[in-house]
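Readers should treat all values here as calculations from the given coordinates under stated rules, not as data from a laboratory. On a predicted model such as this, the values are computed, not experimentally measured, just so you know. Cβ placement follows ideal geometry from the backbone for every residue including glycine, while neighbour counts extend to all protein chains displayed.
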Amino acid sequence: MPLPEHDVAVGHSFALDLDGTVISQITEVSGLRLGQDVVEFKSNTPDGKYVIHTVPGRPHDGELTLVRPRRDGNSFEGWIADIRAGQGGEGGSAAAVLVLDATGTPVKRYRLVGVSPKRLEVSTITSGGTGVLTEKLVLTYEAVEVE
């Protein structure tokens, strides 16, 4: 089997689509997991043999962490305020993680079902520091679907 000519993940970036508003410049995404329970189903065949089958169960929930440089605007804070005010709809908000190629074109979309914000953190702030101020958004989700 020949090896691929190049690493197809090089040059990708990420964005978050929150209720139709795309938030770009996401530098780190972690906790994106697709999973489900596996349920054992035990039965007997017509000739009396004992058989164990496995069937897919409920999807796994999880937590997603997104990191981006702190910029002007309050897209994360505004969205959290909307959720707290009850404007997120039943079962949480609509959200998706977009994987973008080097030209900014979406190449993959992970739709998050039942999304709610858990916390928003700002990186450590030091007087006279030269580091980039970042914000980390932690979301909870009920399931992930690949589109």
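Tell me what the chain gives for mean residue ellipticity at 222 nm when only DSSP H runs of n ≥ 4 count, each as -39,500 (n - 2.57), the sum divided by the residue total, rounded to 500 deg cm²/dmol.
My calculation for the chain gives -2000 deg cm²/dmol from helical runs alone.
Just to confirm the number: angle between the C-alpha axis of helix 75-84 and the first principal axis of the chain, 0 to 90 degrees, nearest 10?
Approximately 60 degrees, to the nearest ten.
If packing is taken as the mean number of other Cβ atoms within 10 Å per residue, what is the order of 122-132, 58-68, highest first?
58-68, 122-132
Count the net charge of all other residues whose Cβ sits under 10 Å from the Cβ of His60, scoring Lys and Arg as +1 and Asp and Glu as -1.
-1
If each of Asp37 and Ala94 carries a label point 7 Å out from its Cα toward its Cβ, how far apart are those two points in nm?
So the two model labels end up 2.9 nm from each other.
Which of the following values of Cα extents along the principal axes in Å was calculated from the structure shown: (i) 77, 51, 29; (ii) 71, 30, 23; (iii) 126, 38, 32?
Checking each listed value against the structure points to (i).
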